[in-house]
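The values are calculated or read from the model by the stated rules, or taken from the named source; none is laboratory data. None of these values were measured; they are calculated from a predicted model. Here the Cβ is made from the backbone with ideal geometry for all residues, glycine too, and neighbour counts use every protein chain on show.
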Amino acid sequence: MVETRPSICRNCLAFCPIIVTLDDDARVVSVVGDPASDGFEAYTCPKGRAIPDQLRDPARLLTSMKMTEAGRHEPISSATAVSEVASALRRIVDEHGPDAVAMYIGTGTQQHTFGPKAGAALLKALGSTLVFSAATVDKPAEKTSLALHGNWQAGGQRFEDADTWMLVGANPVIAKSNGLPYNNPARRLTDAVRRGMKLIVIDPRRTETARQAAVHLQVQPGEDPALLAGLIHIILANDLYDHAFVAENADGLAALRAAVRPFTPANVAARTGVTQEQLIEAAHVFAQAKRGGVVCATGPSFSLNADLTFYLALCLNTLCGRWTRAGEPAPYVNVLLPAHTPRAQPLAPYPAVGGRRFRSSDYQQNASGLPTAALPNEILMPGEEKIRALICIGGNPVSAWPEQGKVEEALRDLDLLVTIDTHRSATAELAHYVIAPPMALEVPGTTHNVEYLKYLGVSRGYQRPWAQYTPAIARRPEGSDLIEEHAFFYGLAAELGLPMELTVPHAMGPYAESPPTRIVFEPGYVPSLEEVFEHAFAHSRVPFAEVKRHPHGHVFPVETIVQPRDPACSAMLQIGAPLMMQQLATIAEPHSCVDGDGSEFPFRLISRRANAYMNSVGIDLAKLNRQMRGNPLFMNPADMAGLGLHAGERTKVRSKHGEINAIVEADTSLREGCVAMWHGFGTGSSERTPGSNVNRLLSLDDHDSLTGMPRLSAVPVAIYAASEAEPGLVDA
């Protein structure tokens, strides 16, 4: 007898509600969208529908593994793994101090609720300050730009009543990421366009999202800041900005006006490949609308000068007054987080950089955290401050970080590498211990993480008071020995005799309205995830018990009206930050290009998203690889013809840092001179991860000057036919 149960997909940050069919043994048979969940229209993407295959994957780890002296992994019980890892940590800390131990938190942690918080609590108990995350190799500019510009306490204007919307390097129809509401973004966009909203997309590719754009600015990769400066130039030159809003809430207009003066339509058109007519049209469409917003995503974040791109997008929002005003409904209402009182007022800028500096390079701590790109050198560089142990949760550095060879060398050099993963990833293959956790439907979950996103950037999170809870509904595989991430860290603390204080913030960054919730259990006690939930949501806006009463999720009847500016508030948004104005002056110089004249490397390689994958998750699953095996090199047919290449032919892609092979495929959506590949492929020895690793073309030394974010996109490359495959360059 089969049974259906509601739950939550946790394969990406959309957290779509799903209906799970279970067999008599509580094993997952199928997953579909939940038609009873308001506003999702029973939507799921291929990743969600592949959950049964993920759970039943023959390569899934059902027990933890330990590296033997012979270099092979053998099974080890979770209890023994906890004991042995604790002993190794104790030895390293005793001999080298607590900062010899570091942690890396990857993007896979949305499946593992409270695992990262428990990991951070363990490191704090050890005395280590070295918690790194994917935030600094993904979108660090999102936080540094807010630090430089300031945020708006009430949030940006809502998409549902916007007259215009501008997306910079975002393809939320595919990525389900920031830029559009998370609940079925393709449907939300279609509905908006039908009611007359004019979409502006800035992207080198005519993406699935750009197909609905009123204006598509098909920019030369890496020229996003020049294009945005050009739009600001047009808006200021034509007096299209919101005078009253800027006068009351922003400083720096004169500095911004002077800085964008060189970015005339003619100059910007020449360097971006966008016509003057398109630039002028986009500026007028955006500025003359009543409501809207500008949102940046990973596309521009992966290029150099990302901080400037994100900063100028915030300046556009401020110039046109695209922030929620007093008397309007707040767009991002807490449900599982505590109640808050948003006001129509600025949140002051704060330091974008500062804190820890690193001995191996010019990297330093910034508003997004510790720069992850510094880790390989900090592991390899001798000395007392050398990092000797790394715990990796929800991440796959060998797949995700630039300069794969150095990353592998660094991980091999560690005295202790522990990775928590459901599979033997390329990173797990190098680990001394691989800790096997349960998967999403085998543990309870909530949507609370999405509520935090409003503190990270514009148009992030649920734009309605939605929340959902799910218990564990799937039986764990027979004979398995799995340990939840939080339980692993609590177990280590118990073995080490350390107190654990799990911190649950009520906001991210310096803008919290109330102190965080601090959860402390009896020393040595390992709580269940349900117990952690009860403590974490003890102060939620809607009682946690009430959220549990709605197994399909619910839009709760809690409306928060934005209050007027506090008379005592003196904060102002900063649209003329000196550091950003200096960067604008630098890129305005005629010879500011750091890549030469393009003769040696005439193409620009960009990254792109696939509907079937979330970073490197899913690339080795047969169900998701039926149509396209590996990660081809996508090229405009005109470029292919110019090189005499044909679809399906093997090519070589070369940068100044390395070379890979790839299979070329035609893609008319790309502008000429621009090529694209998916990241995360071709890693490790497994035949299950075919394709070529793009990170071999990248360098940790080629990075943003402010955040240390490595350049992952707009990379200069040369492409030529490969008559024979060279060993090690491609697995496909």
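Some notes on this structure:
- Enumeration of residues in the stretch 701-732 that are of a type in the set (A, V, I, L, M), modelled with pLDDT of 90 or more and part of a loop (DSSP other than H, G, I, E, B): Met709, Leu712, Ala714
- Test: residue in the stretch 58-81 that is more than 30 Å from Leu123 (Cα to Cα) and either touching a strand residue (DSSP E or B) at 6+ places or on another chain (Cβ under 8 Å) or assigned to a helix (DSSP H, G or I) (or both): no
- Residue within the stretch 531-552 that is in a helix (DSSP H, G or I), outside the structural domain of Gly292 (by TED's automatic domain parsing) and more than 30 Å from Ala154 (Cα to Cα) present: yes
- Answer residue from the stretch 421-465, given it is hydrophobic (A, V, I, L, M, F, W, C) and touching an Asp or Glu at 6+ places or on another chain (Cβ under 8 Å) and is nearest to Phe114 (Cα to Cα) among those: Val443
- Annotation: Asn615 fulfils all but one of (1) over 17 Å from Val715 (Cα atoms); (2) of a type in the set (S, T, N, Q); (3) at pLDDT 95 or above; the unmet one is (3).
- Sole exception among (1) under 31 Å from the mean Cα position of the chain (by Cα); (2) surrounded by fewer than 20 Cβ atoms within 10 Å (Cβ to Cβ) for Lys47, by number: (2)
- Within the stretch 626-661, considering residues that are more than 24 Å from Gly299 (Cα to Cα) and among the polar types (S, T, N, Q), the one surrounded by the fewest Cβ atoms within 10 Å (Cβ to Cβ): Gln627
- Selection status of Ala70, among the hydrophobic types (A, V, I, L, M, F, W, C) and surrounded by 20 or more Cβ atoms within 10 Å (Cβ to Cβ): no
- Every residue from the stretch 160-194 that is farther than 30 Å from Leu633 by Cβ and out of contact with any Asp or Glu (no Cβ under 9 Å at 6 or more places or on another chain): Asp161, Ala162, Asp163, Thr164, Trp165, Tyr182, Thr190, Val193, Arg194
- When residues in the stretch 221-272 are screened for being farther than 27 Å from Phe603 by Cβ and of a type in the set (D, E, K, R), 6 of them pass.
- Total residues in the stretch 637-663 satisfying the condition of being within 18 Å of Asn695 (Cα to Cα) and assigned to a strand (DSSP E or B): the figure is 9.
- Residues of the stretch 357-376 that are crowded, with 20+ Cβ neighbours inside 10 Å and part of a loop (DSSP other than H, G, I, E, B): Tyr363, Ala367, Ser368, Pro371.
- Residue tally, condition assigned to a loop (DSSP other than H, G, I, E, B) and crowded, with 24+ Cβ neighbours inside 10 Å, over the stretch 115-149: 1
- Residue count for the stretch 297-356 under the criterion of being out of contact with any Ser or Thr (no Cβ under 6 Å at 6 or more places or on another chain), under 24 Å from Ala141 (Cα atoms), among the hydroxyl-bearing types (Ser, Thr, Tyr) and part of a loop (DSSP other than H, G, I, E, B): the result is 3.
- The lone exception for Pro300 - which of (1) modelled with pLDDT under 95; (2) surrounded by fewer than 23 Cβ atoms within 10 Å (Cβ to Cβ) it fails: (2)
- Test result for Val558, in contact (Cβ under 8 Å) with a residue 12 or more places away in the chain, aliphatic (A, V, I, L, M) and part of a loop (DSSP other than H, G, I, E, B): yes
- Some residue of the stretch 87-105 being within 22 Å of Lys124 (Cβ to Cβ), in a loop (DSSP other than H, G, I, E, B) and either β-branched (Val, Ile, Thr) or modelled with pLDDT of 95 or more (or both): yes
- When each of Arg609, Arg565 is tested for being part of a loop (DSSP other than H, G, I, E, B), among the basic types (Lys, Arg) and at pLDDT below 95, the lone residue that passes is Arg609.
- Scanning the stretch 89-114 for residues that are surrounded by fewer than 21 Cβ atoms within 10 Å (Cβ to Cβ) and among the small types (Gly, Ala, Ser) turns up just one, Gly97.
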